[in-house]
Amino acid sequence: MPYASDLDCLFNITTAPSNVLQIAFLAFDLADRNPKSDQCLEAYFLVIVVDRQGKEHLGERICGSNVPEPIHTMQSSLQIQFVTTLVSGSHKGFRIQYRMLSEAAILEPPSFINEDFPPCGGHSNPLQLTGEIQSPGYPETYPSNATCNWLIRVEPRQRIYIRIVHFNLSATIAECNRASLIVFDGYRHEMVDDEKKYSPTGANDPSEARFCGSQAYYAEEGMLSYMSTANRIIVRMVTHDKPRRSDDDIDHGVQIGFKIVWTAVESLISEGGIDEEEEGISGEDECDEFVCKGGQICMEEAQGICASRSRLCIHKSLVCNGVHNCADGDFSDEAHCYSREIIIISAIAFSFVLLTICICVCCDQYRKKQKLRRMIRERREENGTAKMQTQNSERTAARRPMLENKR
């Protein structure tokens, strides 16, 4: 049945915040684009995705009779608008199917790498609290024409702290086209279209951080780090050329690629001057786990230009695990581990010495008891021998008168 004219229908689809929405087109038959303007004027289908900050993202107007590709979002709310200006004639309209999926079921985008390297990309495991990501070929090289995607996902109450331990992709920061490392907000709307549409939105976009060149260009503390706003992020490496490695780099063992350590953060601890009402900021008494000490970052200490490091609330199991899981420059989670090891080793050594002494005392007591028992046995044997000799003497003495009488 053809659709009517002058329609302006708006469909709201909303699910729980922990879910995401996907749309599949089962049938699609609208008026074609206007031949003069190449615009959808007589009828169009429009998807408006509402992200988690409430911002609306308008898609392109869709018309014609070709069935569109499915629309995958990482959002829990969207609107569908159907507008007509003329009677359809023979066009029947559209039929769609929408799905509500748990965000935990959405994996990382596909990765592409040449055959000379093993597959790259991947995702974290459920309940994982920390991990490490290395570029393919690290620390000697990396592939050309590669796109590698890693998904880091933690529990919904947590956030993710990224610390780049080593970074060397190219000689200068101007060679972003050669190779770059990008950290995206895992819920960013642009991240869920097909892989051809994945593109950074610019240096001023708070939902991403892009790194190029080498760590020599990120000398200030904290520049090689990133704190997520939610519980999932995507780490992406994009390369177009192989690294340029000179003979001098080879002789000095210069490492190529990157190495990342990530940490699940329970919350950020408020400091003086920070608005405690800000989302994700809490007081120290609200952290039931380990509170990183933070400390001060002083760019010009002589002039008193200092700032406070981020104080992270991290799980207690991450303390003394051999990895620095606090913010860049904050080593408080590993600060007293050496002393703790000394105490443990000392306690083990003391226990060993005490056990050795106990064993020696027990052995000595055992030897003394054995010696005493042997002496008692020998005395008994001596007494028995003397008694038998006495008895024999008495018998001999008694027989002598009898022998004399017989004579």
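The values are calculated or read from the model by the stated rules, or taken from the named source; none is laboratory data. None of these values were measured; they are calculated from a predicted model. Glycine also receives a Cβ, built like all others from the backbone with ideal geometry; neighbour counts cover every protein chain displayed.
Results for (1) basic (Lys, Arg); (2) crowded, with 18+ Cβ neighbours inside 10 Å; (3) touching a residue at least 40 places away in the same chain (Cβ under 8 Å); (4) at negative phi, shown as yes or no for each residue.
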residue: Ala31; (1), (2), (3), (4): no, yes, yes, yes
residue: Asn34; (1), (2), (3), (4): no, no, no, yes
residue: Val47; (1), (2), (3), (4): no, yes, no, yes
residue: Glu56; (1), (2), (3), (4): no, no, no, yes
residue: Cys63; (1), (2), (3), (4): no, yes, no, yes
residue: Ile71; (1), (2), (3), (4): no, yes, yes, yes
residue: Ile80; (1), (2), (3), (4): no, yes, yes, yes
residue: Arg99; (1), (2), (3), (4): yes, no, yes, yes
residue: Leu107; (1), (2), (3), (4): no, no, yes, yes
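Residue-by-condition table, conditions (1) outside any loop (DSSP other than H, G, I, E, B); (2) hydroxyl-bearing (Ser, Thr, Tyr); (3) touching a residue at least 12 places away in the same chain (Cβ under 8 Å); (4) not assigned by TED's automatic domain parsing to the domain that holds Ile173:
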| position | (1), (2), (3), (4) |
| --- | --- |
| Arg210 | yes, no, yes, no |
| Met237 | yes, no, yes, no |
| Ile250 | yes, no, no, no |
| Gln255 | no, no, yes, no |
| Phe258 | yes, no, yes, no |
| Val261 | yes, no, yes, no |
| Ala264 | yes, no, yes, no |
If you take the residues in the range 328-349 that are in a helix (DSSP H, G or I) and under 23 Å from the mean Cα position of the chain (by Cα), which one is surrounded by the fewest Cβ atoms within 10 Å (Cβ to Cβ)?
-> Cys337
Among the listed residues Gln39, Gln75, which satisfies the condition of being polar (S, T, N, Q) and either assigned by TED's automatic domain parsing to the domain that holds Ser207 or surrounded by 17 or more Cβ atoms within 10 Å (Cβ to Cβ) (or both)?
-> Gln75
Among Gly253, Gly213, the single one that is at positive phi and modelled with pLDDT of 90 or more is Gly213
Pick from Leu101, Leu169, Leu129, Leu181: which is farther than 30 Å from Leu7 by Cα and in the same structural domain as Leu30 (by TED's automatic domain parsing)?
-> Leu101
If a residue has to be more than 30 Å from His252 (Cα to Cα), hydrophobic (A, V, I, L, M, F, W, C) and more than 14 Å from the chain's Cα centre (by Cα) to count, how many in the range 104-152 make the cut?
-> 5
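Yes/no per residue for (1) at pLDDT below 90; (2) under 24 Å from His72 (Cα atoms); (3) buried (at least 17 other Cβ atoms within 10 Å of the Cβ):
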| site | (1), (2), (3) |
| --- | --- |
| Glu132 | no, no, no |
| Pro139 | no, no, no |
| Pro143 | no, no, yes |
| Asn149 | no, yes, yes |
| Arg159 | no, yes, yes |
| Ala171 | yes, no, no |
| Val183 | no, yes, yes |
| Asp194 | yes, yes, no |
With criteria (1) touching a His at 6+ places or on another chain (Cβ under 7 Å); (2) modelled with pLDDT under 65, Glu277 comes up short on (1)
Given (1) at pLDDT below 75; (2) in a loop (DSSP other than H, G, I, E, B), where does Asn325 come up short, assuming only one miss?
-> (1)
Which numbered condition Cys320 fails, given (1) of a type outside the set (D, E, K, R); (2) touching a Cys at 6+ places or on another chain (Cβ under 6 Å); (3) assigned to a helix (DSSP H, G or I) = (3)
